[in-house]
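Student: Here it is, the structure in full.
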Amino acid sequence: MARAGLLLGSLPASLLVTGCEGPQSALMPAGENAQRIATLTFWMAGTALIIWLLVMVLAVLATTNWKRSWRLPRLITGIGIAGGLLPAVLLGALLGYSLPLLRNDGPAPALRIEVTGERWWWRVRYVAPGGMPVELANEIRLPAGVTAEFLLSSPEIIHSFWIPSLAGKVDMIPGRVNRLHITPTHTGSFRGVCAEFCGSAHAQMAFAVEVMTPDAFQQWLAAQAAPVVPEGHGAGERAFAANGCGGCHAIRGSEHRGSIGPDLTHVGSRLTIAAGTRSNDVPELHRWLAATEAVKPGVRMPSYSMLPETELAVLAAWLGTLE
Amino acid sequence: MNILEGDTAQFEGLPDEFPGGDADRPQENAGHRAEQRAQLHRVWRSPSGWRALSDVQNSIVGRWYLTASLLFFLFAGVLGLLVRVQLAVPNNNFLSPAAYNEVFTMHGTVMMFLFAVPIFEAFSILLLPAFTGSRELPFPRLSAYGFWCFLIGGLFVCGSLFFDAAPNGGWFMYPPLTTAYEPGLGADIWLLGLSFIEVSSIAAAVELIVGVLKCRAPGMRINLMPLYAWYLLVVAAMILFAFPPLIAGDLLFELERALHWPFFDASRGGDPLLWQHLFWIFGHPEVYIIFLPSVALVAMIVPTFARHPIVGYSWVVLSAVGTGFLSFGLWVHHMYTTGVPNLSLAFFSAASEAVAIPTAVQIFCFIATVAAGRVVRSVPMLFVAGALAIFVLGGLTGVMVAIVPFDTQVHDSYFVVAHLHYVLIGGMLFPLVAALYYYHPLITAKRLSERLGRIAFWLMFAGFNIAFLPMHLTGLKGMPRRVQTYDTGLGFDTLNLVSTLGAFVLAAGVAVWVWDLIRPKQRQSHSARNPWNAGTLEWLSDIPGEPYGLRSIPDIGSRYPLWQQPQLMREVDEGRGYLADADEGFRETLVTSPVDAVPEQCLRVPGVSFMPMIAALFTGGLFILPVFKAYTAAGFSGLAALATILHWLWTGTAQIPKTADRDVGRGLTLPNYVSGPKAVGWWAMLITMIGDMTAFLSLIFGYFFFWTIHLPFPPVDQAGPGLLWPLLGLALLLMAWGGVRLALRFNRLDRGPAVCAMLAAACGLTVLGLAALAAGPLVYRMDPVSHAYPAIVLALLLWLAAHALVGMVMQGYCLARRLAGRITATHDADLRNVLLYWHFLAFTAVVTVATIAVFPALSR
């Protein structure tokens, strides 16, 4: 038992070297909700470790001669205290602390964002009061210090919306709209993922999260709201139209109004493509167009490998200009 | 505190003498004893050659069961290793996403359904008679039937992996992914294959509950039972209440997949969350169904090596019962992130925390037992100690994940993967290995190696912690579960590599253990009798054991009879207990009363038969053929199963004995035939129907679940079955029920023609009732594909109709038995059991009609 204890004791220490950081770590919170939970985590984990050690010590002592003074009635009292009373008190305290955290969120904030879990990407819609909604995909930008309300749903299968650095996850369930309030505390780049198993591309269903200063956020949102100004009717747009891309994708300000796939109005300005799985540059766009299935198994967008390389290159380059 | 003082008093005031022993009985001569032994051998001998497959005896079937579930464990373990290989490095393509999804789905499914639950049934079938001092379980053929169902279903589900047709929707099978977006057979194989296996679990639960309640050695009052029997009772009862909701869910699910009835389709009035509720009402108790039997094994092992009776017997029992109860109130903690209201979250969070208390009490009782005694070091105790270290940590992380805000972060992340493996491997696998080291001499007459056991332990213990401890951090750093791969730069790389290395060390430990199990042992001498100097009854068995178990059945007056009744072994071996002979040429065991274990009957236990295997094959056809849309063939297979089971019942159960009474020894004469609540068959019916009620009430839950999410419900544009037809159907079924009651009454008066007339009339009324029930949906043209409302109404009516059909077959069976002279005025077990079935059927009919016809009429 002592050896076991030693082993278990040394492992976490070595693991801490690996650190808690990472773009989707719940232990490096950048949101109020995640901050509260991280604090709770450290407290609970610390207490759990102490309790574990105490139980182990007790078990080891029970096998030694040291325990000779433990007579049967005292042992039974001990069972009552250690097994009944202490857990009841500790758990009561834990519940007393944690249940109030469930309190309903305050009044609906002005910033509302609808996120829909598609197969296998995220449709993101900023709903500005009065204005036209701004739609984009696989990217969420938030102003630091401002509470945003997310309206989460799914047309087909269940997904779960999780930005570990900002808040706990909430499921997206067909037929329901779940709400989540997020208040980022400081700026930075983070990553969100789908946490509910959703089939073949579950592992490739992520999104980029950018927390900006409120001013930068407003500028970005205004830019996103504007229709795109394509650079002339070049070869890129002709290829887009000729291959029927507009059947699924919309480019606001053009005749392309498909709504099955992601809105591509400002695709060139996005941080990632293919639902947070690839960086957004022309070579990656090219690879994506040529072999979607290789990036995202089971993807509904067909590969365009039958197109000549030159046409793919033109198309990729043109998409990159849609900023 | 009184109960607890009773505990020690129990130990100190031990009866030294064989309680109730009659010293007056003349010493029997050696020749007579040898003759008795030969009789017992003749009667209990196992068939050999290919006929060995017709064996039904608990020690043989138990061994098959144990072997099969261990093989499934190894299979699922290999799948787990494949998962770890795939995740060892980022962006790996060792397994394609499609293959990975099949592999992790099967890993969970096989571990849960084909290993963790069945192995406990296997252990219990194998050892329960030894624990309780009986010769056999009450329904050996039912155990055999359950085993064959398990084996056929298990091979079918596992085999699918080799045809690339395996389920790939996760072991939880959440719709609508699995109802609408996964073509292929996988989900059907999961649903039908596992429903089939659940049949065997329920069969085992019935068998084991009756075995514990009715087949104990005389004098083994309920407060003297070995703790294993208590846990078994709790767990079997939990199976009875936990598995049926899943079976009901499976039924709805398959109706949606095969016939497009939209129970879980939100666009047509269904709700995917209904499945989650039904699945977790099963799924959470399932965890305790897996965990408690292993605690039971620990409760048997610890006192032996502490050389001290368990400290706090009553506390352990109360905690086990408490855990069983609480486990049904926790299921929503698997659904914290689905958006259920905060009030429910608070309730389920508190209930989930509360379950830590009985668990802690059990653990401290074991530690106290060790403290009260003087520990003997051994491999079983080593594994128990390892289990303690692992399980306590898993339990503590369990307390953490039960806290809602924390859970919203770690739910469906690797933290939960770590938590559940700590709980299951610490709470189930380590105690199981301990128990196999402990009971190996009893099962095979040979001891396992101390040296290999220690090597296996340290490899498993170290490997396990290296594999799973880092996962807590992996999860907190944001790695979701069930992902086929992950990207670099997220901080998961090192952690995953370490986990994979640990998994292989763990696997090496398992390999050493398996080698110890299978290494040739012909040259190893037999273990001594009671090699560990244990105090519990099972160690009274000879080594190697006899097929009939104990030479004679003792009177029990203490919890640790081998410690507390020193004369016991000699008296049993000298044949001075009950049933020392098999004069009449039947396999026999004693049936005793449930609480005080007063002998009530000498039960003639059915012997070898191919019927269970044949019935299982045809039942398998009924479940498996629909996967391939072969509905006609499935129907015929079902009819063949029914015919086989009827033949089996007709020739094997409730036989009228030629001699009314049996001198069982020690001056006691018992009847060979009893009926009603004294009979094991009546109890089996009662227990089966309790499980059946649970499934039925799960469907009713489904109806009211839809009622809560729709306003108005029933929807205005949807036709219902009306009021008239369902009420008429109900009236007819209640009259049929009355017919069965009258038949029993006339039978007591021995008025044969009246009995037959009543049964025939009841059959007719049942047919009319079925027609009336069918009329409602037909007249009002209910379309179950259009909306969840008509779908759930028709599902309820189908359920009722299927039960009425079975009730009708039972009425016909009794009619035939009465005509054939197999039911008489005094031998009415069949009739009483059928009446019991009809009580439940009447309840089902009343509740169904009240729900689908009266409730909408009142609420409109």
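Student: Which log10 I(q)/I(0) values, to two decimals, does segment A:111-160 give at q = 0.13 Å⁻¹ under the Debye formula with one point per Cα?
Tutor: Debye curve over Cα of segment A:111-160, log10 I(q)/I(0) at q = 0.13 Å⁻¹: -0.31.
Student: Put one equal scatterer on each alpha carbon of chain A, apply the Debye formula with no solvent term, and list log10 I(q)/I(0) at q = 0.12 1/Å to two decimals.
Tutor: At q = 0.12 Å⁻¹ the computed log10 ratios are -0.90.
Student: Right, next: Quick one: Debye curve from the C-alpha atoms of segment B:20-125, no solvent, what's log10 I(q)/I(0) at q = 0.22, 0.24 Å⁻¹?
Tutor: For segment B:20-125, the Cα-only Debye profile gives -1.08, -1.16.
Student: Can you tell me the Rg and Dmax of chain B, counting just the alpha carbons, in angstroms?
Tutor: Reported Rg and Dmax, both Å: 27.7, 85.
Student: Principal axis extents for segment B:524-593, Cα atoms only, whole Å, descending order, please.
Tutor: The principal-axis extents, from largest down, are 36, 33, 20 Å.
Student: Something else: So what J values fall out for segment B:387-404 if you push phi through Karplus, 6.51 cos²θ - 1.76 cosθ + 1.60 with θ = phi - 60°, rounded to Hz, Gly and Pro as x?
Tutor: 4, 4, 4, 6, 5, 4, 5, x, x, 5, 5, x, 4, 5, 6, 6, 7, 4
Student: Let me see the P(r) profile for segment A:16-153: every Cα-Cα distance counted, bins of 5 Å, each bin given as a percent of all pairs.
Tutor: Using 5 Å bins, I get a P(r) of 2, 7, 10, 13, 12, 11, 10, 8, 7, 6, 4, 4, 4, 1, 1, 0 for segment A:16-153.
Student: Next question, about the same structure. May I have the convex hull volume per residue, in Å³, for the Cα set of segment A:18-60?
Tutor: Enclosed volume per residue, from the Cα hull, is 68 Å³.
Student: Given 25 °C and 0.890 mPa s, compute D for segment B:254-335 with the Stokes-Einstein relation, Rh being the Kirkwood radius over Cα pairs; round to the nearest whole µm²/s.
Tutor: Answer, rounded: 157 µm²/s.
Student: Could you tell me what fraction of 2.2 N^0.38 Å the Cα radius of gyration of segment B:341-425 comes to, as a two-decimal ratio?
Tutor: Cα Rg divided by the expected 2.2 N^0.38 Å: 1.33.
Student: Separate question: How large is Rg over Rh for segment B:820-860, taking Rg from the Cα atoms and Rh as the Kirkwood inverse mean of 1/r across Cα pairs?
Tutor: 1.36
Student: What is the local net charge at A:ARG141, summed over the other residues whose Cβ is closer than 11 Å to its Cβ (Lys, Arg +1; Asp, Glu -1)?
Tutor: -1
Student: Ok, one more. I want to verify the translational diffusion coefficient of segment B:299-396 in µm²/s; compute it with Stokes-Einstein, Rh as the Kirkwood radius over Cα pairs, at 10 °C and 1.306 mPa s.
Tutor: 105 µm²/s
Student: What FRET efficiency comes out for the pair B:SER267/B:SER96, r = Cβ-Cβ distance, R0 = 35 Å, nearest 0.05?
Tutor: Calculated value: 0.65.
Student: Here's a follow-up. About its Cα centre, how strong a charge dipole does segment A:85-166 have in debye, to the nearest 20, once Lys and Arg get +1 and Asp and Glu get -1 at the Cβ?
Tutor: Dipole of segment A:85-166, to the nearest 20 debye: 100 debye.
Student: Please name whichever of A:GLY117, A:GLY298, A:ALA167 sits farthest to the positive end of the charge dipole of chain A, dipole taken about the Cα centre and charges placed at Cβ: Lys and Arg +1, Asp and Glu -1.
Tutor: Final value for the positive-end residue is A:ALA167.
Student: Rounded to whole Å and sorted largest first, list the principal axis extents of the Cα atoms in segment B:497-634.
Tutor: Cα spread of segment B:497-634 along its principal axes, largest to smallest: 57, 51, 36 Å.
Student: Report, to one decimal in Å, the Kirkwood hydrodynamic radius for segment B:419-530 based on all distinct Cα pairs.
Tutor: Final number for the Kirkwood radius of segment B:419-530 is 15.9 Å.
Student: Right, another one. Considering only B:LEU232, B:LEU794, B:MET471, whose Cα is most displaced toward the positive end of the charge dipole of chain B, charges sitting on Cβ of Lys, Arg (+1) and Asp, Glu (-1)?
Tutor: Going by the Cα projections, it comes out as B:LEU232.
Student: Hey, what's the Kirkwood Rh for segment A:261-323 if you take every pair of different alpha carbons, in angstrom?
Tutor: Mean inverse Cα-Cα distance, inverted, gives 11.7 Å.
Student: Using just the alpha carbons, could you tell me how many Å³ per residue the convex hull of the protein assembly as shown encloses?
Tutor: Here the figure is 181 Å³ per residue.
Student: Follow-up. Only four residue types carry charge here, +1 at the Cβ of Lys and Arg and -1 at the Cβ of Asp and Glu. Report the dipole size of the protein assembly as shown about the Cα centre in Debye, rounded to the nearest 20.
Tutor: The dipole magnitude comes to about 2280 debye.
Student: May I pose another question? Tally Lys and Arg at +1 and Asp and Glu at -1 over the other residues with C-beta under 13 Å from the C-beta of A:TYR304: what net charge comes out?
Tutor: Summing Lys/Arg as +1 and Asp/Glu as -1 gives -2.
Student: Moving to a separate point now. Give a residue-ordered list of calculated ³J(HN,Hα) values for segment B:215-224 (Karplus: 6.51 cos²θ - 1.76 cosθ + 1.60, θ = phi - 60°; whole Hz; x for Gly, Pro).
Tutor: 10, 9, 4, x, x, 7, 4, 4, 8, 10
Student: What's the Kirkwood radius of segment B:681-783 in Å, using all Cα pairs?
Tutor: It works out to 16.4 Å.
Student: Could you give the spread of the C-alpha atoms of segment B:639-706 along their three principal axes, from largest to smallest, in whole angstroms?
Tutor: Each principal axis gives a Cα extent; for segment B:639-706 these are 62, 32, 14 Å.
Student: Assigning unit charges at the beta carbon (Lys, Arg +1; Asp, Glu -1) and nothing else, what dipole magnitude in debye, to the nearest 20, does chain B show about its Cα centre?
Tutor: 1140 debye
Student: Okay, moving on. Quick check: net charge around A:PRO227, other residues with Cβ under 13 Å of its Cβ, Lys/Arg +1 and Asp/Glu -1?
Tutor: Taking every Cβ under 13 Å from that of A:PRO227, the sum is -2.
Student: Continuing with this model, one more query. Given the convex hull over the Cα atoms of segment B:240-385, what projected area results after averaging over all orientations, in nm²?
Tutor: 10.9 nm²
Student: Turning to a different aspect of this structure: In segment B:153-198, how does Rg compare with the Kirkwood Rh, expressed as the Rg/Rh ratio over alpha carbon atoms?
Tutor: Computed over Cα atoms, the ratio is 0.95.
Student: Same structure, new question: Over chain B, what is the mean sequence separation of C-alpha contacts under 8 Å (at least six apart), divided by residue count, expressed as relative contact order in percent?
Tutor: The normalised contact order for chain B reaches 17 percent.
Student: Per 10 Å bin, what percent of the C-alpha pairs of segment B:155-289 does each bin hold, from zero upward?
Tutor: 11, 35, 28, 15, 8, 2, 0
Student: Next up: Summarise the long-distance tail of P(r) for segment B:494-564 by giving the % of C-alpha pairs beyond 19 Å.
Tutor: The answer is 61 percent, as a whole percent.
Here, each number is a calculation from the coordinates, and none is a lab measurement. Everything numeric in this text was worked out from a predicted model, so none of it was measured. No Cβ is skipped: glycine too gets one built from the backbone with ideal geometry, and neighbour counts run over all protein chains shown.
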